[in-house]
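Right, one structure below, let's go through it.
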Amino acid sequence: MPSPDTVPLVTPLESDQPDSTPSKVLLFFAALLVVVGGVFSGYKLSRRGVSASGNPATAGEMVNTATEVGSKDTKTFRDSAKGTLEKGGINGEGTHHITREENPAHPVYLVSSIVDLDEFVGKNIEVWGETIKGQKAGWLMDVGRVIILN
């Protein structure tokens, strides 16, 4: 009986096939093709432009007049609020807020990937957008269209 010191713990497996270099090269090129395809598809998807609500940033027809700016898509941007636009959100939610005349104690906090809200600060406006869930804001909206009221 052989002593435990002379018997190896691991014995190499013997292969019937010789080392096949062409299959390794094929595997390398297949992996490279998958990586390049992933990078290309990621680039194409990133060029689409998606808003915070998950809808295309150029949702529908756009309008840009003296009193109205944004998207005409009423299916996506179906919620509205009126009031005076002010800069600032609440605890990191929203970039601006509307102080509503009918309920000034409960402002509407706003973000927008379509409209530059800074252009309307201090003005009485109506915004159309999509309500999104906020952690601190009672009402948080992704604005798609702004109408200047006066």
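Each value in this text was obtained by applying a stated rule to the coordinates, not by laboratory testing. Predicted model only: the values in this text are computed from it and were never measured. Ideal geometry is used to build each Cβ from the backbone, glycine not excepted, and the neighbour counts take in all protein chains shown.
Miscellaneous remarks
- Sequence-ordered 3J(HN,Hα) estimates for segment 38-44 from the Karplus curve with 6.51, -1.76 and 1.60 and θ = phi - 60° stand at x, 5, 4, 5, x, 5, 4 Hz, glycine and proline given as x.
- Residue-by-residue Karplus 3J(HN,Hα) for segment 139-145, coefficients 6.51, -1.76, 1.60, Hz, glycine and proline x: 9, 10, 10, 8, 7, x, 8
- Of all aspartates and glutamates in the structure, those lying under 15 Å Cα to Cα from Lys123, and not within fewer than 8 positions of it along the same chain, are Glu68, Glu86, Glu101.
- For segment 53-150, the dipole from Cβ point charges (+1 on Lys and Arg, -1 on Asp and Glu) about the Cα centre works out to 180 debye, to the nearest 20.
- Interchain or long-range residues, amide H under 5 Å from Ser113's placed H: Ala52, Val143
- Each residue of segment 103-118 was assigned a 3J(HN,Hα) from its phi angle through the Karplus curve 6.51 cos²θ - 1.76 cosθ + 1.60 (θ = phi - 60°); the sequence is 8, x, 6, 10, x, 9, 8, 10, 9, 7, 9, 10, 10, 7, 5, 4 Hz, with glycine and proline shown as x.
- Residue-count net charge about Asn64 - beta-carbon cut-off 15 Å; Lys, Arg +1, Asp, Glu -1: -3
- Members of Lys44/Lys87; Lys82/Lys136; Lys82/Lys133; Lys24/Lys44 lying beyond 24 Å, as alpha-carbon distances in this model show: Lys44/Lys87; Lys24/Lys44
- Less than 5 angstrom separates the built amide H of Val63 from those of Gly70, Ser71, Lys72, all sequence-distant by 5 or more or on a different chain.
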